[in-house]
Amino acid sequence: MAVGRRWLPSLVVVALLAGGIIRLAGWQGVWKPVRVSGASMATALVGEHHRLFCRDCQAICRYDAAEPPRDGRVICWNCGFVNNHTPDGPIFAGQRVLIDRFAYAWRKPNRWDVVAFATPDDPSRPAVKRIVGLPGERIEFRRGDLVADGHVVRKSLAQLRSLAVLVHDQAYQPRQEEKLPARWQSESPASRWHAAESRCDFETDGNREGFMDWLVYRHWPGYAGTAPRTRPSPILDNDSYNQQLSRRLNTVDDVLLSCWTRTPGQRGRLAYEVASRHGRCRVELRFDTREIAAFRDSHPLSRLSLPRFAFARGVLVEVALCDGQLLFGIDGHELIREAIDEGVPDSAGTAAEFENTTADSNASRPQIAVGAAGVAVTIERLQVYRDIYYLPAAIPTDALGASEPLEPNELFVIGDNVPVSHDSRHWPQPGVPIDRLLGRVWWPGSL
Ligand SMILES: [Zn+2]
């Protein structure tokens, strides 16, 4: 506490200085505040929208005020509850953002930056999109992946985190209907996993080398369908923000599991597993030997020593299969980034396997699982995210995006709300000249 008091005057001075600099910068026109309109960057940045709490699980559901569901019912993205009625309540204003007008005065734009620029459609109205293609690149879209110059563009764990879409949050449990199956289930009646509402506990049996006891995730589709909402489904690219839009849905292979893990961390093993068309990848934390081992379909991928994190207090674990690579991190530190597929998907990504109104019948194989052996552990705040699924301009189409390389001064931009966004995929001249950028866009969630 003494240290805190000693530093307090300095902190006050720094805060005052920072406030003054921000005010000066605003006055000099470095930052320009604007409000987002339209749905093309949802759900990271939303325009005018409605909001409600799901009557079943209490998760916040937001949807486009310009295109509300026609039947007046909002389907919950988290639990699939269909009887959320559109409110007569207020329309919430679009997200307020700051345009940093000098962001590119000293450096070039980076891929994944969110930028504001004057559009060719209407130069008087600035648009906000994300940069996905850099000068000179030839951009394509294959099975949801972004491909530049014939190579899948690979995101870091931090980049994936910044644009992934939340599709399940264990903190929001449905309560209206009794006896719904649990989203996280143990695989056998003899399992030592106990899945409670907001946490999953594993009791050690003292068997360090014994079999891995698995807790598996069952995804619920979260869209209007004829099948029960609890029927296991692959993770699809549906989006609750524009749920009145009827279109074919695609299976999303690229997923991220995020969870809080608390364990004494002195013995036994913990495992996190994610599967996709690329294979089944597992990351094992081995407390006996203090190492992390990663596998793909039982073949070793990488091995490293286990850093000293505060496992007993709890750590944030993230594991993802994304862009043909395995990603793993603890407390925000990326520890594993291992390519598992060097190839480029051969499909354009338009061959959707699932209709909006049908459910999958072949989803019994769990895509995500957490395992334990000989270790006591509590897993909390389980969240599942999906990567953005990049589509060509129109469905169906043979086009793969820009067929010609971008000019040396041009960028390819897309809105995160891929099926709705009007962007480089649609314009006769796809590229946005760098000198038409108004600046980089910042908002609280981007920091
Ligand atoms: Zn819900």
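Only the coordinates and a few stated rules stand behind these numbers; no lab work does. Model, not experiment: these values are computed from the prediction. Quick reminder, even Gly has a Cβ in these numbers, built from the backbone with ideal geometry, and neighbours come from all protein chains shown.
The angle between the Cα long axis of helix 2-27 and the main principal axis of the chain comes to about 30°, on a 0 to 90 degree scale. Think of the chain as a dipole: +1 on every Lys or Arg Cβ, -1 on every Asp or Glu Cβ, centred on the Cα centre; then among Ala393, Thr263, Ala44, Thr263 lies furthest on the positive end.
Charged side chains reduced to their Cβ positions (Lys and Arg at +1, Asp and Glu at -1) give segment 130-217 a dipole of some 460 debye around its Cα centre. To the nearest Å, what is the center-to-center distance of segment 256-289 and segment 402-424, using C-alpha atoms only? Measuring centre to centre over Cα atoms gives 37 Å.
Quick check for me: using +1 on Lys/Arg Cβ and -1 on Asp/Glu Cβ, what's the dipole size of the chain about its Cα centre, in debye to the nearest 20?
Taking the Cα centre of the chain as origin, the dipole is about 1500 debye.
Once both labels are positioned 7 Å from their Cα atoms along Cα-to-Cβ, the gap between Thr378 and Asp435 label points is 6.1 nm. Distance between the 7 Å Cα→Cβ label points at Val82 and Arg175: 2.4 nm. Other residues within the sphere of radius under 9 Å centred on the Cβ of Val315, judged by their own Cβ, net out at +1 (K and R +1, D and E -1). Can you give the net charge of the other residues whose Cβ lies under 10 Å from the Cβ of Ile99, counting K and R as +1 and D and E as -1? Overall, the nearby charge balance is +2. Over segment 175-277, the ratio between the Cα radius of gyration and 2.2 N^0.38 Å evaluates to 1.33.
Taking 4.7 Å between beta carbons as the limit, the unpaired Cys residues of the chain are Cys61, Cys200, Cys259, Cys281, Cys322. What does the C-alpha gyration tensor say about the overall shape of segment 165-386? Classify as rounded when a/c is under 1.5, otherwise prolate if a/b is larger than b/c, or oblate. Since a/c reaches 1.5 but b/c is at least a/b, the shape of segment 165-386 is classed as oblate. Placing a label point 7 Å from the Cα of Ser37 along the Cα-to-Cβ direction, no residue of segment 128-164 has a backbone N closer than 11 Å.
Here each label is just a point 7 Å from Cα along the line to Cβ, and for Ser246 and Arg267 those points are 6.1 nm apart.
In plain terms, the chain from His422 to Ala66 could stretch by 126.6 nm, reckoned as 0.36 nm per residue minus the Cα-Cα distance. Sorted fewest first by neighbouring Cβ atoms within 10 angstrom, His168, His426 come out as His426, His168. Evaluating 6.51 cos²θ - 1.76 cosθ + 1.60 at θ = phi - 60° for every residue in segment 416-432, the Karplus couplings come out as 4, 7, 4, x, 9, 5, 10, 7, 3, 5, 10, 6, x, 9, x, x, 9 Hz, glycine and proline recorded as x. Its Cα centre serving as origin, segment 165-386 has a Cβ charge dipole (Lys and Arg +1, Asp and Glu -1) of approximately 500 debye. With unit charges on the beta carbons (Lys and Arg positive, Asp and Glu negative) and the dipole taken about the Cα centre of the chain, which residue among Leu98, Asn78, Gly439 sits farthest to the positive side? Value computed over the given set: Leu98. Per-residue ellipticity at 222 nm, computed for the chain from helices alone with -39500 (n - 2.57) per DSSP H run of at least four residues, works out to -2500 deg cm²/dmol.
P(r) tail for the chain: Cα pairs beyond 27 Å make up 58% of the total. If the segment from Glu291 to Asp331 were pulled out straight at 0.36 nm per residue, it would be longer than the present Cα-Cα gap by 12.7 nm.
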